[in-house]
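All of the numbers you see were taken from the coordinates with simple rules; none came from a lab. Keep in mind that this is a model prediction, so the values were computed, not measured. In this analysis, Cβ positions are derived from the backbone assuming ideal geometry, glycine residues included, and neighbour counts consider all displayed protein chains.
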Amino acid sequence: MRYIFLFLFSISLFADAVIDANLTKVDIDGLYAKIKEIDYEISQEKVWTKSYDSYLTSQKVKSELKKIQQKIKKLKRYRSKKYKSELESLISKEKILTTQLEDLEKNSDTPFGELINPPKMDDAPEVKNPFNIFSAYSYLKTIKKEFNEYNQRKDELEHLIELFDKKAKIYEKILKYNKDKKLKEKYDATRKELKKFESAFDILSVTSEVYKKRLDVVEANLNKGIKAQIEKLFHIGLIIAFVILVFFVLRMILRRYITDNERYYMANKFITFTNFTVIIFILFFNYIENASYLVTILGFASAGIAIAMKDWFMSILGWLVIVFGGSIHVGDRIRVDMDGMRYIGDVLDISLLRITILEDITLTSVMQNRRAGRIIFIPNNYIFTRMIANYTHYSLKTVWDGIKITITFDSNHKKAMHIVKEITKKFSKGYTDITRKQLNKLRHHYNLKNTNVDPRIYSFIEPHGIDIEAWYLTNAYATLTLRSTISTEIIDAFKKEDDITIAYPTQHIRYTKALKDPLEDFKES
């Protein structure tokens with residue numbers, strides 16, 4: 001078999017030799033046409049050909065610069081004026097060529113320095129929390145794109161080597177027919193270029209393999225970190241879901257056993273706050289690497305944080321005092337004095353930082369503000385520095401309200417006081433009974449001594465008459481309604497009495513007869 005193979009191979013070589021020896025002029029012209037086609041294809045591979053042309057240019061410039069430097073060295077030996085102008089011209093050329101050479105050899109003096117060297121890989125990001133997953137994927141996408149571009153250059157170089165190899169083989173065929181010296185030089189130049197490109201391809205292939213292995217290691221490490229973070233995130237999600245479920249069950253239990261809406265609202269707010277705090281601590285202890293380091297940093301920064309966020313901290317402390325102290329509840333009617341203004345309204349919400357109230361129409365609105373219906377936001381820290389009055393604390397839902405009416409001095413003031421007392425008793429009786437029961441409940445929390453809830457009638461002597469004041473218990477949320485009703489009834493009752501007159505600012509004018517002018521008789525005479 002071996003001998004048969006050698007025989008067939010010899011025959012093929014002989015046939016090629018015969019064919020090459022019998023090349024016609026038409027065939028040679030066709031080969032030249034193929035060389036032109038190959039040269040055109042080579043010119044399209046601009047990345048590699050331009051890099052090689054730049055290298056050749058730098059070699060020419062380097063050779064020319066070396067010659068000029070040798071000439072300058074020789075001319076410096078002569079001090080004759082004859083060579084001075086020539087020396088100056090050579091020195092200027094040396095500077096120009098040196099600048100050109102620096103531009104051509106910025107990165108490397110090898111033909112394909114920038115193209116062969118793989119792209120520099122930045123340090124891979126550490127995947128320590130879920131947010132690093134996005135940066136890790138972005139990094140992987142970037143390095144894969146760079147690796148693909150590097151491999152694309154490798155494929156382009158491999159195609160270029162094939163073109164030069166075809167070109168060299170065509171020159172070999174032509175040289176067997178034509179031994180022209182210039183043709184031989186072109187062939188040698190093609191072979192030289194081919195060797196340069198083959199050498200670059202060998203380096204590029206080895207570098208590509210090393211680069212691929214390094215990329216695989218980085219990708220494996222990042223995928224491992226991403227997987228660990230996803231698993232950790234999944235476990236944390238399960239824990240948080242369990243915590244939310246537990247607190248949801250607690251809410252359902254509270255809803256079932258707490259019938260008071262206000263107590264349920266405050267308990268629900270507390271559960272929500274606790275739930276949020278537990279979730280924050282779960283995330284904190286899972287993703288903090290060095291708790292002692294964080295505590296140290298916070299220790300140093302605590303003074304600045306306390307100053308910068310003083311109002312926030314005080315509001316949170318105020319929220320704790322309100323929630324655990326029970327001084328204010330949602331639905332309570334409160335009065336707040338701040339910045340010279342007085343606001344009375346119902347508490348809509350007590351959040352971590354502020355109390356929200358809805359301003360109602362009250363005596364204050366009528367007499368002072370002349371506004372109502374506004375939503376007022378009160379920082380929780382105001383409970384330490386401002387006056388906040390609660391009209392409906394605990395079970396107490398009534399307040400004392402008073403009406404003042406002035407009668408003249410000659411009126412029957414005892415009868416007037418009796419009328420006022422009967423009217424107030426009649427219209428405030430229901431609130432009086434309610435308050436008596438509410439105060440009995442309030443004894444469990446406070447030491448109450450004076451629990452008289454009956455209407456109180458007082459009389460005072462004033463410059464313009466006798467003031468009769470009636471104080472009675474009324475609904476804290478509707479004081480104006482009962483005040484209006486009682487005031488109307490008192491006026492109607494007083495008008496029916498002949499010996500009771502309502503006093504109001506009046507003026508008495510006395511007319512007297514004018515005195516006779518003493519000069520009148522003198523004028524007549």
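Some points to look at:
- Alpha-carbon centroids, the range 463-509 and the range 375-394: separation in whole Å: 33 Å
- Cβ-based net charge around W471, under 13 Å, with every Lys or Arg adding one and every Asp or Glu removing one: +1
- Cβ-based exposure ranking for E162, E146, in which fewest neighbours within 10 Å come first: E162, E146
- Of F409, F247, the sequence from fewest to most neighbouring Cβ atoms within 10 angstrom is F409, F247.
- Summing +1 for each Lys or Arg and -1 for each Asp or Glu among the other residues whose beta-carbon sits under 12 angstrom from that of E37 gives +2.
- Remark: the range 172-277 carries a charge dipole of roughly 560 debye about the Cα centre, counting +1 on each Lys and Arg Cβ and -1 on each Asp and Glu Cβ.
- Distant-in-sequence amide H partners of D349 (H built 1.01 Å from N, under 5 Å): T356
- Exposure proxy ranking for T424, T364, T259, based on other Cβ atoms within 10 angstrom of each Cβ and starting from the fewest, stands as T259, T364, T424.
- For the range 137-260, with +1 on Lys and Arg beta carbons and -1 on Asp and Glu, the positive-most of N221, I143, I258 along the dipole: I143
- Local charge for K404 was computed over the other residues whose Cβ lies under 9 Å away, with Lys and Arg +1 and Asp and Glu -1, and equals -2.
- The packing ranking of peptides 392-403, 227-238, 198-209, highest mean first, is 392-403, 198-209, 227-238, where packing means the average number of other beta carbon atoms within 10 angstrom of each residue.
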